[in-house]
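Here the structure is laid out as structure tokens; the discussion comes afterwards.
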Amino acid sequence: MDGKLVVASLVLAGLMFTSGLAVYFASQMDDQPDDNNDSTSNEIDETTPENRAPTLYVAKTSFLYGEPIVISGWVVDESFNTTIVSIQVFSEDSLSTLAREDEVTADEKGVWAITLPYEQPGSWVVDVVATDSQGLSSSSEMTTVELLPPIEELVRLTIRYVSPVENGSIGLLVGDLVHLFPATCSVEFWPEGQSAIEGIVNGVNATYTIPVDEDEVADAGILWATCGLFDVASANFSYQLPIVEELPEDEVTDSDGDGIVDADDDCPNSPNEPVWPDGCSDSQLDSDEDGVTDDLDLCPDTNVGFSVDANGCAENQKDADGDGISDAGDQCPNTPITEVADANGCSDSQKDQDGDGVQDSLDQCPNTLPSTIVDSVGCEVNKYDKTDSWVCTNGNGPWVKDYNQEEGYNANNNGVSSAGGGGSGPWFQCEVSFSEQNNKMVMESNGIPNHDFLSTRGCCADEMDYTAYITMNPVNDTTGGHSSTNCPAAAGRWECAPDRGAVAIGVNGVPIYGPEDGPGSDAVALHFDYFNEDRQAIELGWCAGHSAGPNGYHYHYDANCIYWEPGIGEDMSDYSLSKIPNDQHSPIVGWAFDGYPIYGMYGYGADGQTIRTISSSYVIERTQDGGDQGYNGIDDWNYVDGVGDLDECNGRFGPTPEFPEGIYHYVSTPVSGSQTTVTDTNGNTVGMIGFPYFLICYHGMADVSGQSLGGGQGPGPGGRSYEFNTEVLGYDVVDIEQPLIDETVPMWIDLTVTMTLIALVFAGWGSIRRK
């Protein structure tokens with residue numbers, strides 16, 4: 001009887017435990033946000049990703065004569081082949097009159113091309129815009145398109161005389177015309193004291209024929225040839241008709257067969273080349289006696305006594321920019337071909353009247369005092385104070401809110417209940433302070449961003465006690481010999497940045513993390529649905545940031561939002577990269593641990609002035625090519641030199657507004673320079689994101705271990721580790737993005753376990769009594 005009681009008690013306890021588990025897990029499922037039914041649109045809604053306006057790029061706009069005018073480029077958008085590129089063409093003389101308009105749909109790689117039906121040289125103003133399938137348009141790109149006229153060199157011609165037939169008097173002057181447009185040529189022979197005799201030109205064969213009547217025309221005269229379609233010019237030379245009257249046989253022979261009888265031939269052994277009236281070809285003549293034959297001499301009128309180069313040109317004859325001023329006296333050697341130079345070889349756009357090194361056409365400060373250091377626009381450079389980059393200083397940081405609860409996640413009960421208030425709740429104030437110590441910027445912050453944010457699953461963010469040490473004088477790393485585990489493309493030349501954990505600090509005091517998340521996958525690729533994560537749920541919030549629970553809030557991507565101000569009727573949920581100004585150089589968004597700055601996505605092009613999107617040079621191993629598309633984190637990306645703007649570390653050297661003389665700097669890269677598209681888990685064809693998003697190695701000597709930014713500095717030499725529910729698998733404990741787990745034991749579990757233990761005690765007690 002006691003045994004049956006024990007069994008019954010155990011069965012009852014087990015049933016209660018099982019039913020309790022079912023109730024608990026059902027309640028947990030009910031508490032999870034339903035993405036499919038969530039009426040709120042935000043960045044982490046994986047089923048309906050936010051549509052962004054296309055980004056438009058225009059390629060070549062200058063064409064040589066004879067080339068078709070093909071305006072082309074590419075677009076970056078969620079779906080390339082549904083984006084329509086439209087152009088409007090205006091005459092450069094009248095922007096108010098539309099000459100034509102056209103449109104085309106970009107192909108599956110985002111490439112587009114439109115051919116203009118113009119064949120004659122000229123220039124036009126073209127306005128290009130891209131519009132996606134939902135009506136969002138890119139910024140307008142207005143550019144000048146030109147079809148350049150050809151370079152027409154002065155006509156050259158050969159000459160040969162064909163004597164009249166027996167008992168005839170009509171001889172023929174014949175030869176070849178050497179010109180780009182021989183059909184435009186006219187040829188005449190002007191006998192001395194007589195009217196011109198017009199020749200016949202065969203434009204197809206580039207030959208000419210001039211009939212002359214030996215009984216009527218003077219033997220001596222001038223041969224004229226005039227040619228040109230866009231640039232008409234003439235050439236002439238004296239010519240003596242080789243009319244023979246009872247001359248000895250040796251005086252009418254032509255030993256070299258050049259059409260010039262030996263009696264008049266100064267070069268009786270001419271090769272098979274066109275000859276001049278004296279019977280000499282260019283390879284036999286040296287008209288200016290400079291030691292370079294005429295066929296090779298680019299400067300045929302060199303004065304006696306001047307040394308020349310292999311082209312037959314003395315220094316005082318060279319004119320590389322074609323402005324009419326020899327290089328020897330040209331103070332402005334690159335005069336634009338469309339501008340007129342003065343006696344010094346300088347056009348108006350090249351002059352520098354204040355002597356600051358910036359030409360007047362670009363000089364925005366034309367009266368700079370001597371010895372003043374200026375920037376690229378001629379204005380005095382005030383040495384940039386790096387401490388000016390920090391925001392949220394002097395107690396002026398904004399009050400911001402963690403909207404976690406409103407977006408379907410757990411409520412953040414840290415902070416205060418209202419801006420500047422008390423109690424507990426999701427409000428915080430961004431706080432940053434700094435000082436200079438031992439040639440370093442010492443930044444202290446509470447880790448709260450200067451914008452509203454989402455903790456997402458890693459609830460919840462709280463104020464931290466961070467200190468970062470950033471050298472004021474960065475030094476390039478030239479030591480080499482580093483491990484390349486987390487940055488294979490660096491090949492040991494530079495130190496790898498942590499794959500997980502802080503790699504830099506934002507100017508608002510928020511850490512910037514490496515590309516990988518807790519399971520070792522690419523957190524940003526997951527955010528953009530490149531793959532399915534089956535190991536641990538990770539979600540990024542607004543501005544691609546989130547909280548790592550007790551390790552604080554941090555960014556994985558973007559950070560351009562640090563400077564974004566919502567417009568009227570907008571809030572942080574409306575933020576997107578398309579709202580970042582694309583007509584100005586992006587500001588500094590952070591500092592790497594080697595002392596080099598990190599800039600936002602827009603920077604200078606190759607000319608140091610044009611603003612353009614700066615792209616990374618990494619390409620992902622796509623699923624359709626046998627890759628895992630980010631599931632393995634860093635291992636799924638390959639550096640391809642030249643595909644983007646940046647080097648292996650995701651940086652480059654160049655001028656910036658703060659450092660006009662140039663500085664090595666990293667870039668927050670939303671996109672890769674690769675035009676290869678990716679198929680996401682929803683089946684959409686999308687552009688390639690800009691791994692490693694901030695940086696993956698340090699170009700300078702970095703101080704990683706000296707930072708005090710909480711955990712997450714990445715694995716040590718023992719290898720990578722993965723953390724699930726506080727159980728560490730591997731050799732090193734790594735602080736990662738782990739959802740904060742409520743460790744409070746539910747009351748029903750406590751009750752069930754208690755009853756089970758009671759049943760077990762009674763069972764044991766009954767057994768003892770039987771003994």
Matching residues, segment 292-324, being closer than 28 Å to residue 239 by Cβ and open to solvent by less than 70 Å² (accessible area, probe 1.4 Å): 292, 293, 294, 297, 299, 300, 302, 312
When you check residue 348 against the structure, is it among the acidic types (Asp, Glu) and either farther than 30 Å from residue 122 by Cβ or open to solvent by 40 Å² or more (accessible area, probe 1.4 Å) (or both), yes or no? yes
Can you tell me how many residues in segment 411-457 are in a strand (DSSP E or B), buried (at least 18 other Cβ atoms within 10 Å of the Cβ), touching a residue at least 40 places away in the same chain (Cβ under 8 Å) and not hydrophobic (A, V, I, L, M, F, W, C)? 1
Take the residues of segment 203-219 that are within 8 Å of residue 182 (Cα to Cα) and free of Cβ contacts under 8 Å to residues at least 24 places away in the same chain: which is least open to solvent (accessible area, probe 1.4 Å)? 203
Residues that are out of contact with any Ser or Thr (no Cβ under 8 Å at 6 or more places or on another chain) and within 14 Å of residue 74 (Cβ to Cβ), drawn from segment 97-134: 104, 107
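Looking only at segment 523-540, count every residue that is acidic (Asp, Glu) and either open to solvent by less than 30 Å² (accessible area, probe 1.4 Å) or touching a strand residue (DSSP E or B) at 6+ places or on another chain (Cβ under 6 Å) (or both) and tell me the total.
2
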Which listed residue, of 119, 153, 146, is open to solvent by 20 Å² or more (accessible area, probe 1.4 Å), modelled with pLDDT under 90 and either within 27 Å of the chain's Cα centre (by Cα) or not polar (S, T, N, Q) (or both): 119
Just need a number here: residues in segment 136-179 that are of a type in the set (Gly, Ala, Ser) and farther than 18 Å from residue 88 by Cα. 5
Working only within segment 625-670, note down all residues that are surrounded by fewer than 21 Cβ atoms within 10 Å (Cβ to Cβ) and β-branched (Val, Ile, Thr). 640, 643, 656, 663
Scope segment 370-386; condition open to solvent by 40 Å² or more (accessible area, probe 1.4 Å) and either without any contact (Cβ under 8 Å) to a residue 12 or more places away in the chain or not in a loop (DSSP other than H, G, I, E, B) (or both); matching residues: 371, 373, 380, 382, 383, 385
Members of segment 581-594 that are closer than 27 Å to residue 497 by Cα and either open to solvent by 60 Å² or more (accessible area, probe 1.4 Å) or in contact with a helix residue (DSSP H, G or I) (Cβ under 9 Å, 6 or more places away or on another chain) (or both): 586, 587, 588, 589, 590, 591
(1) open to solvent by 60 Å² or more (accessible area, probe 1.4 Å); (2) touching a Cys at 6+ places or on another chain (Cβ under 6 Å); (3) in contact (Cβ under 8 Å) with a residue 40 or more places away in the chain: which one isn't true of residue 406, the others all being true? (2)
Name the one entry in 547, 573, 578, 615 that is closer than 26 Å to residue 677 by Cβ, open to solvent by less than 50 Å² (accessible area, probe 1.4 Å) and not hydrophobic (A, V, I, L, M, F, W, C). 615
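The values are calculated or read from the model by the stated rules, or taken from the named source; none is laboratory data. Remember, predicted model here, so these are calculated numbers, not experimental data. Because the Cβ atoms are built from the backbone with ideal geometry, glycine has one as well, and the counts that use them run over all protein chains shown. Accessible surface is based on the protein model in full, side chains and every heavy atom, while ligands, DNA and RNA are left aside. Shrake-Rupley method; radii C 1.70, N 1.55, O 1.52, S 1.80 Å.
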